[in-house]
Amino acid sequence: MAGLEECEANLIVYLHPSKENCARDAILSELSTLLFTYNETVGGVVLAYDPSILSNLAKIVPGTFPCFGVQLKAKLLLFNPKPDMVLEGEVVKLTPNSIHAVVLGFSSAVIADDDIRDEFKYKIKGGEEVYVSRTHRKHKIKVGTIVRFSMKSFDEEILHISGSLLAPHIGGVRWLDKNLEEWSRADSTATKRNTGDRKLENYTLTTYETSVKSDEQIEKSKKKRRQHT
């Protein structure tokens with residue numbers, strides 16, 4: 001999914017001297033505080049990390065509360081969405097004026113009524129709320145649906161996404177992927193037909209060139225016979 005990226009970061013983790021005998025656990029505990037928060041230094045929400053301690057030597061940092069700094073190199077998995085990126089989330093709530101979803105299990109996303117294209121109509125069927133496409137009746141968005149939408153904005157402080165369904169070819173992922181396969185097959189069939197036509201044209205051209213050469217050879221042989229006679 002768009003918005004996910006990996007990076008390597010050089011970090012220094014500051015630990016209390018009492019943690020000297022369990023430094024690794026203390027380091028992992030400190031790194032865990034970075035998870036699911038937006039970090040300006042690395043430019044994204046930290047989703048996962050894989051640290052590597054660069055040295056067994058730690059630098060003592062003097063001060064009122066003495067500590068020692070451990071140098072690390074860590075691989076980080078970040079979530080850093082940009083406007084117009086296509087994201088996916090699971091729908092958790094529908095109202096006549098909005099669609100609510102959760103992206104990657106932690107970030108809430110809201111698609112307001114003004115950002116839902118007119119193709120979709122809000123209905124209640126059998127006590128279940130659903131957005132149904134006026135063009136394709138099987139294209140439905142309901143609670144539990146994985147919806148594909150474009151991002152308008154991202155609030156880094158509360159990790160809130162504002163999304164849009166105005167662009168074509170976004171909506172319920174299951175329906176989109178199913179029909180994409182059908183579109184791909186149609187394109188593939190059309191491509192094969194075009195390729196077959198091109199092969200026929202080449203074959204016809206080759207046959208035509210061969211027949212022209214044969215006529216020239218016949219004409220030359222006739223001239224030779226006239227000269228001999």
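The values are calculated or read from the model by the stated rules, or taken from the named source; none is laboratory data. Note that the coordinates shown come from a computational prediction; the quantities given were computed from them, not determined experimentally. Neighbour counts run over all protein chains shown; Cβ positions are idealised from the backbone, glycine included. Each accessible area value is taken on the protein alone, full model and side chains, heavy atoms only, with ligands, DNA and RNA left out. Shrake-Rupley method; radii C 1.70, N 1.55, O 1.52, S 1.80 Å.
Tabulated results
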{"read-out": "In the stretch 115-154, the residues that are under 20 Å from the mean Cα position of the chain (by Cα) and without any contact (Cβ under 8 Å) to a residue 60 or more places away in the chain", "value": "Ile141, Gly144, Thr145, Ile146, Val147"}
{"read-out": "Complete set of residues in the stretch 116-129 that are surrounded by fewer than 18 Cβ atoms within 10 Å (Cβ to Cβ) and either on the phi < 0 side of the Ramachandran plot or modelled with pLDDT of 95 or more (or both)", "value": "Arg117, Asp118, Glu119, Lys121, Tyr122, Lys123, Ile124, Lys125, Glu128, Glu129"}
{"read-out": "The stretch 133-149, residues that are small (Gly, Ala, Ser) and in contact with a helix residue (DSSP H, G or I) (Cβ under 9 Å, 6 or more places away or on another chain)", "value": "Ser133"}
{"read-out": "Of the criteria (1) open to solvent by 80 Å² or more (accessible area, probe 1.4 Å); (2) at pLDDT 95 or above; (3) among the aromatic types (Phe, Trp, Tyr), which one Phe149 fails", "value": "(1)"}
